[in-house]
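Where a number appears in this text, it was derived from the coordinates with a stated rule and is not lab data. Worth saying up front: this structure is predicted, and the values here are computed from it rather than measured. Cβ placement follows ideal geometry from the backbone for every residue including glycine, while neighbour counts extend to all protein chains displayed.
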Amino acid sequence: MLTAASLRMREAWRRGGAPLLVVAFAGVFLVAAFAGESATARYAFATDLAAALAFVGALFYGALPLATDRERRRLLIPCASPVTPAGWALGNALGAAAVGALLAMLLFAAAGVGTAVRGGIATYSAQNLGDLEGLSVRFSEHGGGQPVARRLHDGPVLWVAQDQWVEIDGFPRGIESVRFKTRAAPVAGIEGTPTVLTIGMAPGSAPVHTPIGGHVQVPVNDSARAMLQNRTPGLQLGLVVDRSRALGAPVSFLGTALGTGVPVALGAAFLAALATGAAALLSGPVAALLAGVVLILGALRSFLLDAIEHVGAANAEDVGQAMTLREASGGFFRGLLTVIPDLGGLDHSASLSRGEWMASSVGSSTLYGLLLLGVAAVLAALVGGYGIHTRRLQ
């Protein structure tokens, strides 16, 4: 098994893998360092490029090794080896997985280093606001009336009327600010709506302005309280609880950029191992096609599930028939997507580009990536081992 893994990794090095890696690393680095003035935009673009190159590279290397003598190695060496078919297939898959994981880690490192060269992004440890317990919310009504107490989880959005104050108390120690995701809703009877929200942070302070749908960062004072006021005429201010973050102490951007690459590296290793196992039974192009389908569906899994929830039956004769068709089709596709891994959810670089280091989310994705890799290794041993066994019989 170790011999098969070693041969697979050496094959990538001897047959042009190193020059390709250097070119990919340089390309991602240059994008992260010089593709614009905004560090956030540069890093987001560079990590998208890094993830795409890592997954596609892992797919093709797993299914179609770079060596010109691939067919001889794939057929003769496994057939002549005294190693069991399952052991050879497993070692081959783990060798390809190691190459895929190394490729992803180096490309994400290039994105982080390239962004850090020009200052990086101010990054803070972050938690989902909705995950914090013990928070209380109070709204001060118009004209300084008696505050109205509500719970943070009464709804997905906290709506703040014009000139109304909202105070959130009870933040745990270490939380220094809250970054709210904003929405807006027009007030009935008001003609014309502004495109920018005007938000007050404290009584007597100058307001801040943010685009509708953007983020506003509110400090948490010494009393563990965050407060803001909606000063936008004609609009209600919405604070999206599940997409807002409680920010803590600053952390190293470069270190977190490397940590963000770990789940993606495990996803690339999973795809390489899966493609390698399939190639041992099927032809290389067919294995590449199969792994490509898994990659596309895995990258779009969250989008597809969300679309299923909102799909309708345009040609239905009545509402009841429409609901029946939607539930039937939605149940079928949800069942189909259940066996597809969520590869898109392994990439947390979007949060990091906003300066949010979600350690718990990255840790959960890392465990999920390890589970995927384990499943791929088992499938490679079973499916690939069967393919090698049948070749030995021939």
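Overview of results
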| item | result |
| --- | --- |
| Highest average packing first - 109-116, 379-386, Cβ atoms within 10 Å | 109-116, 379-386 |
| Per-peptide average of other Cβ atoms within 10 Å, ordering 45-57, 88-100 highest first | 88-100, 45-57 |
| Long-range HN-HN contacts of Glu356 with modeled amide H, under 5 Å | Tyr124 |
